[in-house]
Amino acid sequence: MAALKTLVLGGYGNFGARICRALAGDPATHHGIELLVAGRDATRAQALAHTLDHGAQGIALDHQAPGLANRLRALGVGLVIHTAGPFQAQAYGVAQAAAEAGAHYIDLADGRRFACDFPAALQAPFAAAGRTAVTGASTVPALSSAVIDHLCADWQHIDSIDICIAPAQRAPRGEATLAAVLSYCGLPIPVWEGGRWQPRRGWAAPTPVRFHRLRPRLGAVCDIPDLEIFPAHYRVRDRVLFRAALEVGIAQRSFATLAALRHWGLLPHPEKLAGLLHRTGGVLDALGTPLGGMVVRVAGADAQGQPRQRAWHIAADHDHGPEIPCMAAILLARQLAAGQALPTGAHTSTGLLPLAAFAPEFAKWGMVTDTVEEA
């Protein structure tokens, strides 16, 4: 079987570089993948490619320039992995170009509208091309749904889902990621709570969250696809909540202050501060650690109708936390390269991967998971 020519867009960025290293360095897949590291800066793309194994190439590619489909077709690309966020303000040009070029497509989108509207917008062109497009192949909703499927496999119903991501203060932060989270800071977010949709302001009013191997942190509501996908997908009766909990309390409270300023109309575009915060964020690193993690809590009725509450925790030390958002895209790319069928057409990543598929990746980075039965 011919190697799958895989183009990683944003390939030298915070997440793209991790995906490139994984796909180029894995002996199980390097015969099945021909890697192209792509981004606007040819020098940076080539510099990363030269550090990788098995003939990876670096190329200049501006995904916003016209003629992208023709460029992908001329390069013979069979899979596009789109990591060049933020996705909150993007249209579907890259995915449409991939479909037109007859290539599969995977992205790491965490933008709620981008991911939730993706299947309806892209189903027709990818189905016609006989190719697969997957959005949100990242921590959410790929890993989060895998955890819920594992925890609630035989349950009669789910009452609540509470997810919290807790990044390490010292872990590398991408400017695009900061811009993404700041874009909804202080804006009302529709959240399924009390069995109905209610507005909660992004990053406002942080509340305590407990973890198994991390100290308790303050977590604030963030706008992600899970908030919209999970209530219907899992028929959740009461609540689906997603929060992020920064390690250093002053950082969490700073985001809450930005949320308040936007709510009062004093800071209409906090995402414009992403560059400044990215440059100055290291000032707080001395107050933090290299330990981050995530918790997924579910409550409902088990197969016998008995009330249950379970929590799944992961702890990632040594600043390895940013590897987690890359894992689903890596796993799906390996499946395509191995000729394993994925559903044609356009899909979110919800339910596409079982939790067991992530286990070797967790082990590779020394990450520890715990499943806890809670009272």
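The values are calculated or read from the model by the stated rules, or taken from the named source; none is laboratory data. Small disclaimer: the values here were computed from a predicted structure and weren't measured. Here the Cβ positions follow ideal geometry from the backbone for every residue, glycine too, while neighbour counts run over all protein chains shown. Side chains are part of the model used for accessible areas, which takes the heavy atoms of the whole protein and leaves out ligands, DNA and RNA. Shrake-Rupley method; radii C 1.70, N 1.55, O 1.52, S 1.80 Å.
To keep it simple, each residue is scored yes or no on (1) in a helix (DSSP H, G or I); (2) of a type in the set (A, V, I, L, M); (3) open to solvent by less than 20 Å² (accessible area, probe 1.4 Å); (4) on the phi < 0 side of the Ramachandran plot.
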site	(1), (2), (3), (4)
G55	no, no, no, no
D62	no, no, no, yes
P66	no, no, no, yes
I81	no, yes, yes, yes
Q90	no, no, no, yes
A95	yes, yes, yes, yes
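Taking only region 195-230 into account, find how many residues are open to solvent by 20 Å² or more (accessible area, probe 1.4 Å), more than 24 Å from A375 (Cα to Cα) and in contact (Cβ under 8 Å) with a residue 24 or more places away in the chain.
Counting residues in region 195-230 that are open to solvent by 20 Å² or more (accessible area, probe 1.4 Å), more than 24 Å from A375 (Cα to Cα) and in contact (Cβ under 8 Å) with a residue 24 or more places away in the chain gives 5.
Go through (1) open to solvent by 30 Å² or more (accessible area, probe 1.4 Å); (2) not in a loop (DSSP other than H, G, I, E, B) for D110 and report which single condition fails.
(2)
Take the residues in region 128-161 that are part of a strand (DSSP E or B) and open to solvent by 30 Å² or more (accessible area, probe 1.4 Å), then tell me which one is nearest to P231 (Cα to Cα).
Going residue by residue through region 128-161, those that are part of a strand (DSSP E or B) are 132-135, 157-161.
Imposing the further condition that a residue be open to solvent by 30 Å² or more (accessible area, probe 1.4 Å) reduces the set to 157, 159.
On the way: H157: 12, D159: 10 Å.
Across region 128-161, the extreme among qualifying residues is D159.
Regarding A168, is this residue modelled with pLDDT under 95, closer than 28 Å to A89 by Cβ and within 18 Å of the chain's Cα centre (by Cα)? Explain how you work it out, then say what you get.
Values: modelled with pLDDT under 95: yes; closer than 28 Å to A89 by Cβ: yes; within 18 Å of the chain's Cα centre (by Cα): yes.
So A168 passes the test.
In the set D226, D162, D238, which member is under 21 Å from W312 (Cα atoms), in contact with a Leu (Cβ under 6 Å, 6 or more places away or on another chain) and not small (G, A, S)?
Numbers: D226 fails: in contact with a Leu (Cβ under 6 Å, 6 or more places away or on another chain); D238 fails: in contact with a Leu (Cβ under 6 Å, 6 or more places away or on another chain).
Exactly one residue qualifies, and that residue is D162.
Look through V236, V296, V240 and report the one residue that is assigned by the TED database to the domain that holds A311 and in contact with a Pro (Cβ under 7 Å, 6 or more places away or on another chain).
Numbers: V236 fails: in contact with a Pro (Cβ under 7 Å, 6 or more places away or on another chain); V296 fails: in contact with a Pro (Cβ under 7 Å, 6 or more places away or on another chain).
From the options V236, V296, V240, the qualifying one is V240.
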